[in-house]
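Input: a single structure, listed below in C-alpha cells.
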Amino acid sequence: MIDPRALAMQNVSVSIGTCMILQNISFDVKPSECWGIIGPNGSGKSTLLKTLLGFLRPCQGTISIGGRPLRHMPALERSRKMAYVQQEGTSMQGFKVRSFLELAFHPLIGFQDYGEWQAECEVLCQEFDLKDKWDFALSVLSGGERQRLMLVQSLLQKPHILLLDELTNHLDIYFQLEILKKLKQLPQTKLMVLHDLNLAARFCDRILLLQDGRIFANGEPSAVLNEDSILRLFGVKSRIHRQAAGISHIQWG
Amino acid sequence: MIKMSRWSWLFAVLLLLLIMLLALASGSASLSLIDIFTSLGHHLGEGQEWSDDRQGKDVILWSIRFPRVMLAGLSGAGLSLVGATIQALVRNPMADPWLLGVSSGASLGAVLVIVSGLSLFGLASIHLMAFLGALAAASVIYFISRQGAHFSSTRLIFTGLAISFSLEALTQILIFTANHQAQMQNVMFWTMGSLGGAENKDLPLPAVSVMLGFILLFRCRNQLNVACLNEVKAFSLGLDFNALRRHLFLLCAALTSVIVSMTGSIGFVGLMVPHVLRLILGNDYRLLIPGCLLGGAGFMIIADALARHLFSPHEIPIGVITALLGSPIFIVLMRGSHD
C-alpha cells in the first residue's frame, strides 16, 4: 500500500486563459520529505501549489496523493489529506482567534471527536505562542501572529501533506527559525515556497527550482544551489560556503 | 461582540414575543394586553359570552393585526436571512436581496398586472405575477453570472445591478402610463412595500418558506463561515464553493420571491439587519443565522407598528420607516465598533 503522504505530479501543464503558466512538470515527493520551491517572481511557484491543492485544474497530466488521482477525490476527503497556507492575508474581519481555528474542524466533522480536537487545538496554540490570544479579534493580531495562526489552523485539519506559500513572510527571524525547525520535525510531507535561499538550504530535504513555468533543477540543496544556477535564475552573483553536511551559507554580491 | 449563552437566546425569544404582543396592542383602535390575553383564552377554550365590543376587538386582533404582525415578522426574518447569506456568497458587505434582482422583478410583474388590468388568475394574479417576475429576474442574473462551472461574484454584482436598473426603468415606464388614482396607490404598494393587505390565509406560504429557509441555512452555517475566507483557503478546507453558491443562490431567490410577492419591495432590511447583528454578535454564522431570524423579525414588527402609529390614522410606507429607523442605529453601532 502506498503511504498517504506520498505525492506525485506527472507531466502536468497549467494554463490560465491562453497563457501557459506551468509546462510539463513531473516529480515524486516521498513521505515526510520537506521540499522547497524556489524561483524568481512569476516563475509559477504559487500556481504549482494551487495546482497540487486541486484548486487549479491542469490542462494535461496527472496528480496523485498516496497513489490516488487527485482529480476525482471528493472535496472533504481532499481537505483531510492536504492543507494550504497562503501568502496573502486571508479575509479575517469579524473573526476571533477561537472561531477562526474552529473552521479547521469543518472537514473533520463526523471523523473526530470535537472535545479531543479542541484539546489538540489548545496544545498547538500553546506551542505556537498563541494561547493568550484565544479571545482576540483577528484584526488586532500582528502580521506574524496571523501567519502562525494560519499555520496552526492548517495543522488542525490533520493533513498528510502541507502546502505552504511563503510562510515565513511577516515572521521575525526568531519565529522563522522556530517554525521551520518545528515543521522539519513534523511527520507530514511539506512543500513550501520560499524566497530565502539560506533557509531553504538549511531546512529543505530537496529543492525544486522553477523558471518560466518549467523545472530548472530538482535535487538536494547542495546539488542544485550553486553560483551558476543562482546567476542564471535570479541574475545575481553569489558565493556559496560549503561544509561536509552541505551548504553552510550563501553570500550575495 | 457578545457571547450568546442559552439564556441569552431564551431572552431574545421572549423579547420578540413581547414585541409581538405590543405590536398587536398598538394601532388606531387601542387594545390592551388584557384584551389580547382574554381573546387568546377564549379561543383556547375558556369560552364565555362575547359582548359586541369584545367581538369587534376580537376581529381587529385576529383578522387584521395578527396576520399583519406575523407577515412583518416573517418578511423581516426572511429578508435578513437572505441578506446575511448573500453577503457571504459574494463576499461583499454591501450585498442585499436587492442584488438578486428579485425586488425589481417582483415590482415589474406586479405593476404590469395593476396597470394592464390583467385578471387571468383573479385576485391572486398580482402576487403570482410578482413571484414569477422575481424568480425570472433572479434566474436571468444567475445564468449570466455563471462562467462555465464557476460562478463569479463580480459578475453577479454587476449583472444584478444592471438587470435591477433595467427592470426598474421598465417599471417606471409602466407607472408613467398608469392614469387611475387606484392604480397609482397599488403601484405605490409595490415600490415602497406595505403589509396593509395581510390576511390569515396569506400566512402559510411565507411561514413555511421562512422556516424551511432558516433550517437549510442553519445546516449550512459552518460552510458559510468557511465561505467568508478567501477562495483558495475555503477550497483547502473542503468547501465546494460553486455548489454552495448555486444552491444557496436559488434558495435565497425563491425565499425573497415569496416575501416580495406578499409585501412589495421593502428595502434596507436585508442589508442593515445582518450588519447590525455582525457588530453585536460577530461574523460567526452559527450565531448570525438564528440572530437574523429573531432580529429581522423584531425589527420589522417594530417598523410596521411605527408605520401604523406615527401618523395614525394615516399609514406611512414601511420602507420609509426601515430606512429612517435603521440608518441611525447602524451608524451609532458602526462608530462604536473597533473591528
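Annotation for residue B:242 and residue A:232: the two label points, set 7 Å from Cα along the Cα-Cβ direction, are 3.9 nm apart.
What 222 nm value per residue comes from the helices of chain B, counting each DSSP H run with n ≥ 4 as -39,500 (n - 2.57) and dividing by all residues, nearest 500 deg cm²/dmol?
On the way: 15 runs with 245 residues, N = 339.
Calculated mean residue ellipticity at 222 nm is -24000 deg cm²/dmol.
Listed by chain and number, the lysines whose C-alpha is less than 24 Å from the C-alpha of residue A:131, apart from same-chain residues fewer than 8 away, are A:96, A:158, A:181, A:182, A:184, B:3, B:233.
Within a 10 angstrom radius of each residue's Cβ in B:223-234, how many Cβ atoms of other chains show up on average? Whole number is fine. If you can, show how the numbers build up before the last one.
Details: counts 1, 0, 6, 5, 0, 8, 9, 6, 3, 11, 13, 6.
Across the residues of B:223-234, the mean count of other-chain Cβ atoms within 10 Å is 6.
Of B:256, B:154, B:191, the residue with the greatest mean-square motion in the GNM of chain B, using alpha carbon springs below 10 Å, is B:154. When you filter the trypsin sites (Lys or Arg not before Pro) in the range A:105-159 for DSSP loop state and at most 13 other Cβ atoms inside 10 Å of their Cβ, nothing is left. Between amide H atoms placed 1.01 Å from N, distances below 5 Å from residue A:39 occur with A:210, all of them 5 or more places distant or on a separate chain.
Grab the Cα-Cα distance for residue A:242 and residue A:132, subtract it from 0.36 nm times how many residues apart they are, and report the gain in nm with one decimal. Intermediate results must be reported in sequence, preceding the final value.
Numbers: separation 110, 0.36 × 110 = 39.60 nm, distance 4.18 nm.
Length gained between residue A:242 and residue A:132: 35.4 nm.
Under DSSP H, which helices of chain B have Cα atoms covering 20 Å or more of the helix axis and a Kyte-Doolittle average no less than 1.6? Spell out each step's value before the answer.
Details: long enough: B:6-25 (29 Å, 2.29); B:66-89 (34 Å, 1.26); B:102-116 (21 Å, 1.90); B:125-145 (29 Å, 1.82); B:153-177 (36 Å, 1.28); B:204-219 (22 Å, 1.78); B:241-263 (32 Å, 1.24); B:285-309 (35 Å, 1.07); B:318-336 (27 Å, 1.87).
Span-like helices, by this rule, are B:6-25, B:102-116, B:125-145, B:204-219, B:318-336.
Amide H to amide H, with H built 1.01 Å from N, residue B:316 comes under 5 Å of B:311, counting only residues 5 or more places away or on other chains.
Placing pseudo-labels 7 Å out from each Cα toward the beta carbon at residue B:54 and residue B:140 gives an inter-label distance of 5.6 nm. Taking chain A as a Gaussian network of alpha-carbon nodes connected by springs under 10 Å, the highest mean-square fluctuation of the residues A:154, A:139, A:13 belongs to A:139. Summarising the amide proton neighbourhood of residue A:56: residues at separation of 5 or more, or on other chains, whose placed amide H is nearer than 5 Å comprise A:51. Loop sites here are GluC sites (Glu not before Pro) outside DSSP states H, G, I, E and B with no more than 14 other Cβ atoms within 10 Å. The longest part of chain B free of them is B:50-198.
Need one word for chain B: rounded, prolate or oblate. Basis is the Cα gyration tensor (sqrt eigenvalues a ≥ b ≥ c); a/c below 1.5 gives rounded, then a/b vs b/c decides.
Working: a/c = 1.96, a/b = 1.24, b/c = 1.58.
It comes out oblate by the Cα gyration axes.
Per-residue Karplus couplings for the range A:210-219, computed as 6.51 cos²θ - 1.76 cosθ + 1.60 with θ equal to phi - 60°, are listed in order as 10, 9, 6, x, 10, 6, 8, 7, 8, x Hz, Gly and Pro entered as x.
Given the DSSP H assignment, sum -39500 (n - 2.57) over each helix run of at least 4 residues in chain A and divide by its residue total; what's the result at 222 nm in deg cm²/dmol, nearest 500?
Details: 9 runs with 81 residues, N = 253.
Helix-only estimate at 222 nm: -9000 deg cm²/dmol.
In plain terms, the bigger the Kirkwood radius, the slower the diffusion; for the protein assembly as shown, with that radius from Cα pairs, at 25 °C and 0.890 mPa s, Stokes-Einstein puts D at 90 µm²/s. Residue-wise HN-Hα couplings along the range A:125-137, as the Karplus relation 6.51 cos²θ - 1.76 cosθ + 1.60 with θ = phi - 60° gives them from phi, are 4, 4, 4, 9, 6, 10, 4, 6, 9, 3, 9, 7, 6 Hz; Gly and Pro carry x.
Report the FRET efficiency, 1/(1 + (r/R0)^6), for residue A:222 and residue A:98, where r is their Cβ-Cβ distance and R0 is 41 Å, rounded to 0.05. Walk me through the numbers before you get to the answer.
Numbers: r = 44 Å, r/R0 = 1.06.
The value I calculate is 0.40.
Between B:298, B:45, B:282, the Gaussian network model of chain B with springs among Cα atoms under 10 angstrom shows the greatest mean-square fluctuation at B:45.
Output the relative contact order of chain A, whole-number percent, from Cα pairs under 8 angstrom with separation of 6+ residues.
Details: 457 pairs, mean separation 63.1, N = 253.
Relative CO of chain A lands at 25 percent.
Between residue A:57 and residue B:205, the FRET efficiency from the beta-carbon distance, with R0 = 41 Å, is close to 0.45.
Restricting to the protein assembly as shown, compute how many DSSP beta bridges are antiparallel as a %, nearest 5. Working shown, then result.
Numbers: 28 of 45 bridges.
About 60 percent, rounded to the nearest 5.
Note on residue A:41 and residue B:162: their simple-model spin labels are 3.3 nm apart, each label 7 Å out from Cα toward Cβ.
Of all stretches in chain B that contain no chymotrypsin sites (Phe, Trp or Tyr not before Pro) in a DSSP loop with at most 15 other Cβ atoms within 10 Å, the longest one is B:122-310.
Every read-out reported here was derived from the displayed coordinates using simple, explicitly stated rules and does not represent laboratory data. All of these numbers come straight from a predicted model, not from anything done at the bench. Cβ atoms come from the backbone with ideal geometry, glycine included; neighbour counts cover every protein chain shown.
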